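Reading through the structure tokens given below for one structure.
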Amino acid sequence: MQASHTHTRSLKIDQITHKFVEVNGLKLHVAEIGSESSPAVLFLHGFPEIWYSWRQQMTAVANAGFRAIAPDFRGYGLSDAPAEPESCCFTDLVDDMASILDSLSIAK
């Protein structure tokens, strides 16, 4: 997969955009930067972090010609918490990420 180098100026942190995506009954926060037509890189935060942990890497990846995407996991940052957080498992995370990619029209 080759990156797209369609922009000539350097992207900055304040150009990261934010949106909410309805996923599996929850509203999840997604931060992104870079061209929608560029190959996507999905950044996944650890515990107890949020998308903001990746802000420096996101701009570097976007400036390299990729679309950088960093969601807040369910119950973190600006994303909704599930009704029963103790029942969440790793497959919920995988399903959420696949649904986010679908909502952004990104092939898996």
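The values are calculated or read from the model by the stated rules, or taken from the named source; none is laboratory data. In this text, all values refer to a predicted model and were calculated from it rather than measured experimentally. Reconstructed Cβ throughout: ideal geometry from the backbone, glycine too, with neighbour counts over all protein chains shown.
Tally the residues that are farther than 13 Å from Ser103 by Cβ and either of a type in the set (Ser, Thr, Tyr) or at pLDDT 95 or above (or both), restricting the search to the stretch 8-41.
Summing the residues that are farther than 13 Å from Ser103 by Cβ and either of a type in the set (Ser, Thr, Tyr) or at pLDDT 95 or above (or both) in the stretch 8-41 gives 14.
Residue by residue through the stretch 6-49, note down the ones that are touching a His at 6+ places or on another chain (Cβ under 9 Å) and closer than 19 Å to Val94 by Cβ.
Val21, His29, Val30
Mind checking which residues of the stretch 9-26 are surrounded by fewer than 17 Cβ atoms within 10 Å (Cβ to Cβ) and under 13 Å from the mean Cα position of the chain (by Cα)?
Thr17, His18, Lys19, Phe20 - these are the residues of the stretch 9-26 that are surrounded by fewer than 17 Cβ atoms within 10 Å (Cβ to Cβ) and under 13 Å from the mean Cα position of the chain (by Cα).
Out of (1) loosely packed, with under 14 Cβ neighbours inside 10 Å; (2) at pLDDT below 95; (3) within 12 Å of the chain's Cα centre (by Cα), what's the single condition that is false for Cys89?
(3)
Do we find that Arg74 is buried (at least 18 other Cβ atoms within 10 Å of the Cβ) and basic (Lys, Arg) in this structure?
Taking the combined requirement at face value, the residue satisfies it.
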